[in-house]
Each structure stands twice: as structure tokens, then as C-alpha cells.
Amino acid sequence: VTVAGREVHLTPTEYAILRYLMAHAGRVVTYPTLVEALWGDDYRDGHRTLRVHIAQLRRKVEPAPAHPIYILTEPRIGYRFRAE
């Protein structure tokens, strides 16, 4: 993965999240949908684990992780990758 011309190392989980969100760019992906896509429907504590991975991913791909422009949070629903 490259961001602004520099190579960024992602863990396999971070890559899977980014890939899934980009495949659904512009659409809201709910927390349960993303957790199930990544870890299956039997995974417990998925929401909390997902938040940690999203935070790590934002630190790597966002220009200002505290004010994301690519991976947006839709409160109480899920995440959306900004399509542009």
C-alpha cells in the first residue's frame, strides 16, 4: 500500500479492513458486517477489536488520524471509505 508516494506496511488484518472498505467505497459498512467479513459470525468482542484496528490503520494512512478524511466513522452504525 502506498500513501502520498510512500510505502506503508499494513498487518494482514489492517489490509483486509482497508480492502473491504475500499471495495464498498462510498457506502456505509456496519460494524457487524465488517466483523463477520473479517473474523466470521462467531467472533466475540469484534466491535472493540475492530475499533483498535481502525485506529491503527488510520495512524498509517490518514494525513491527520484525529481528523480522518478517508476512513470515516458513521456513529453507532459503522465505517465508510470516502470515495474520491
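Tilt of helix 12-23 relative to the longest C-alpha principal axis of the chain, in degrees (0 to 90, nearest 10)?
Around 90 degrees separate the two axes.
Explain nothing, just compute: Karplus ³J(HN,Hα) = 6.51 cos²θ - 1.76 cosθ + 1.60, θ = phi - 60°, for every residue of the stretch 67-78 in order, whole Hz, x for Gly and Pro.
My calculation for the stretch 67-78 gives 10, x, 10, 9, 9, 9, 8, 9, x, 6, 10, x Hz in order.
Compute the accessible area per residue over the chain, keeping the other protein chains in place, probe 1.4 Å, unit Å². Show your work: numbers first, answer last.
Numbers: 5570 Å² over 84 residues.
Normalised by residue count, the accessible surface of the chain is 66 Å².
Restricting to Cα pairs below 8 Å that are 6+ residues apart, what does the relative contact order work out to for the stretch 40-84? Please round to a whole percent. Working shown, then result.
Details: 24 pairs, mean separation 9.0, N = 45.
It comes to 20 percent, rounded to a whole number.
In degrees between 0 and 90, to the nearest 10, how far off the longest principal axis of the chain does helix 46-61 point, with axes built from Cα atoms?
Between the helix axis and the principal axis of the chain, the angle is about 10 degrees.
Find the Rg to Rh ratio for the chain, where Rh is the Kirkwood radius over alpha-carbon pairs and Rg uses the same atoms. Mind showing how you got there, number by number?
Details: Rg = 12.2 Å, Rh = 13.0 Å.
Result: Rg/Rh = 0.94.
May I ask for the net charge around ALA4, where only other residues with Cβ less than 15 Å from the Cβ of ALA4 are counted and Lys, Arg are +1 while Asp, Glu are -1?
On the way: positive: ARG6, ARG58, ARG59, LYS60; negative: GLU7, GLU62, GLU84.
Around ALA4, the charge tally is +1.
Please list, ordered by chain and number, the residues whose modelled amide H lies under 5 Å from the amide H of VAL28; skip anything fewer than 5 residues away on the same chain.
For VAL28, no residues qualify.
Report the net charge of residues surrounding LEU21, where surrounding means a beta-carbon distance below 12 angstrom and charges are Lys +1, Arg +1, Asp -1, Glu -1.
On the way: positive: ARG19, ARG27, ARG58, ARG80, ARG82; negative: GLU14, GLU74.
Residues near LEU21 contribute +3 overall.
Could you pull out the chymotrypsin sites (Phe, Trp or Tyr not before Pro) across the stretch 11-84 that fall in loop regions by DSSP (anything but H, G, I, E, B) with no more than 16 other Cβ atoms inside 10 Å? Please report the intermediate quantities before stating the final value.
Values: sites: TYR15, TYR20, TRP39, TYR43, TYR70, TYR79, PHE81; in loops: TYR43, TYR70.
Within the stretch 11-84, the qualifying chymotrypsin sites (Phe, Trp or Tyr not before Pro) (loop, at most 16 other Cβ atoms within 10 Å) are TYR43.
Report ³J(HN,Hα) in whole Hz for each residue of the stretch 31-40, in order, from the Karplus equation J = 6.51 cos²θ - 1.76 cosθ + 1.60 where θ = phi - 60°; Gly and Pro get x.
The phi angles translate into 3, x, 5, 5, 4, 5, 5, 8, 10, x Hz.
The values are calculated or read from the model by the stated rules, or taken from the named source; none is laboratory data. Quantities reported herein were computed from a predicted structural model and do not represent experimental measurements. A quick note on method: Cβ atoms are made from the backbone with ideal geometry, for glycine too, and the neighbour counts reach across all protein chains shown. When the accessible area is computed, the model is the full protein with side chains, heavy atoms only, and any ligands, DNA or RNA have been set aside. Shrake-Rupley method; radii C 1.70, N 1.55, O 1.52, S 1.80 Å.
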